[in-house]
1. Which residues, counting only those in the stretch B:110-127, are in contact with a strand residue (DSSP E or B) (Cβ under 7 Å, 6 or more places away or on another chain) and surrounded by fewer than 19 Cβ atoms within 10 Å (Cβ to Cβ)?
2. Test each condition in (1) surrounded by 16 or more Cβ atoms within 10 Å (Cβ to Cβ); (2) farther than 30 Å from residue A:192 by Cα; (3) touching a residue at least 40 places away in the same chain (Cβ under 8 Å); (4) touching a strand residue (DSSP E or B) at 6+ places or on another chain (Cβ under 6 Å) for residue A:118 and report the one that comes out false.
3. Which condition breaks for residue B:195 when tested against (1) modelled with pLDDT under 95; (2) in a helix (DSSP H, G or I)?
4. Take the conditions more than 13 Å from chain B (Cβ to nearest Cβ) and either more than 24 Å from residue B:195 (Cα to Cα) or touching a strand residue (DSSP E or B) at 6+ places or on another chain (Cβ under 6 Å) (or both) and apply them to residue A:204. Does it pass?
5. Go through the stretch A:194-211 and give me each residue that's in a loop (DSSP other than H, G, I, E, B) and surrounded by fewer than 11 Cβ atoms within 10 Å (Cβ to Cβ).
6. So, in the stretch B:156-178, of the ones that are closer than 15 Å to residue B:236 by Cβ and touching a helix residue (DSSP H, G or I) at 6+ places or on another chain (Cβ under 7 Å), which residue ends up surrounded by the most Cβ atoms within 10 Å (Cβ to Cβ)?
7. For residue B:186, indicate whether it is assigned to a loop (DSSP other than H, G, I, E, B) and modelled with pLDDT of 95 or more.
């Protein structure tokens, strides 16, 4: 899922300055990250009202990145949205930009910072997983991804700073290459460690840099 | 000395361009080893710089991945890391030996006068993999190797035994790194804070208890060099007198390196 965090409330107030607000949440990733589910939307409404900001209404989309479903759900709150000067979106950046397409004349405020694609590995603990590079190579590395998890994106073994299984940049983090080597040792696939992996083809990554429509 | 390394914004701190530095040395008739890192440039810029270096008469290039930008003086920078050092070595070799760029297109004018260098750290873990990684670099096209600074001779001997058993010392020139440390502070930093540096406790304590740190430090380095000179498979020494370059002439003399052939 897409991991996001709420922006500091004061910075949201700074962006609003004046005018009325309609709040939009998301039932999926943002809800699981506790930044845009119904409880957070209601909490945001309460805090805005306490700050003397008029809130015309709110909705939790299901999910915010589903354009067609959004159109259907928004029908029930047309008037509240019309009355608002700002749409405050508490979803990831995808949802924010889908909503911008539906309301190109409204001032859109993103109430979150979108951080990474990852997994909830424990309650409230999220781990960054995929780097969205567009051409998956984890099959060469026993399911472990050096593009996502090595800060230098090394494809041919650990750098000279890998020490006792830890990354040279931050000793709190494991060296992914140490993990790859250990797993290959365990699976008796060490021969492939001598393979020279050529420079990565970033074409697929670049292909998705535009706001293009992709039929999948 | 025979050649001087010009580092490429090492520790991710902005410094004079290593290509410019290499040209300045060349103008003074000093043989440069131009270091090139993958941190700040993609494959287009790196290949362009290889062509530029060769055109300027810089024939020794040492390819490294580079220190991560987060450890330097512009931690907010975006790192490039389009390719890694082994891939860059392979690209340089293809440019020289096959006359082609990474994309397979031919160079308009071939060149042959390029001596390809790479680095190796026998003191980083996993230890067993370090010989594999060296072999990968040799297979990719490295002609010479500069190692991390050697303080732990026993560990380095162990590493070299494995290198020799695979015959790798016959395929590449290995220059062992030696660092005379200028101060106790530097030693503490290197021992406790620089990943991949192995200063054994006996060396550390000997220098810690020395009356004159700098004098003792040079003696230790000289002894290391004497051991390395006798070590099979070691073809040369790479001296890194960090922030202490001024001692190099006298240090070379003390280690019986002068006069050079």
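1. Let us first name the residues in the stretch B:110-127 that are in contact with a strand residue (DSSP E or B) (Cβ under 7 Å, 6 or more places away or on another chain), namely B:114-125.
Listed by number, the list holds a single entry, B:115.
2. Only one criterion in (1) surrounded by 16 or more Cβ atoms within 10 Å (Cβ to Cβ); (2) farther than 30 Å from residue A:192 by Cα; (3) touching a residue at least 40 places away in the same chain (Cβ under 8 Å); (4) touching a strand residue (DSSP E or B) at 6+ places or on another chain (Cβ under 6 Å) is unmet by residue A:118, namely (2).
3. (2)
4. Details: more than 13 Å from chain B (Cβ to nearest Cβ): yes; either more than 24 Å from residue B:195 (Cα to Cα) or touching a strand residue (DSSP E or B) at 6+ places or on another chain (Cβ under 6 Å) (or both): yes.
So residue A:204 fits the description; yes.
5. Taking the stretch A:194-211 first, the residues in a loop (DSSP other than H, G, I, E, B) are A:195-202, A:208-211.
Passing the criteria: A:209, A:210, A:211.
6. B:176
7. Working: assigned to a loop (DSSP other than H, G, I, E, B): no; modelled with pLDDT of 95 or more: yes.
No: the conditions fail for residue B:186.
Okay, residues lined up against (1) under 25 Å from residue B:42 (Cβ atoms); (2) outside the structural domain of residue A:97 (by TED's automatic domain parsing); (3) not in a loop (DSSP other than H, G, I, E, B):
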| site | (1), (2), (3) |
| --- | --- |
| A:148 | yes, yes, yes |
| A:159 | yes, yes, no |
| A:184 | no, yes, yes |
| A:188 | no, yes, no |
| A:192 | no, yes, yes |
| A:213 | no, yes, no |
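The values are calculated or read from the model by the stated rules, or taken from the named source; none is laboratory data. Here the structure is a predicted model, which is why all the values come from computation and not from measurement. Here Cβ is always computed from backbone atoms with ideal geometry, including for glycine, and neighbour counts include all displayed protein chains.
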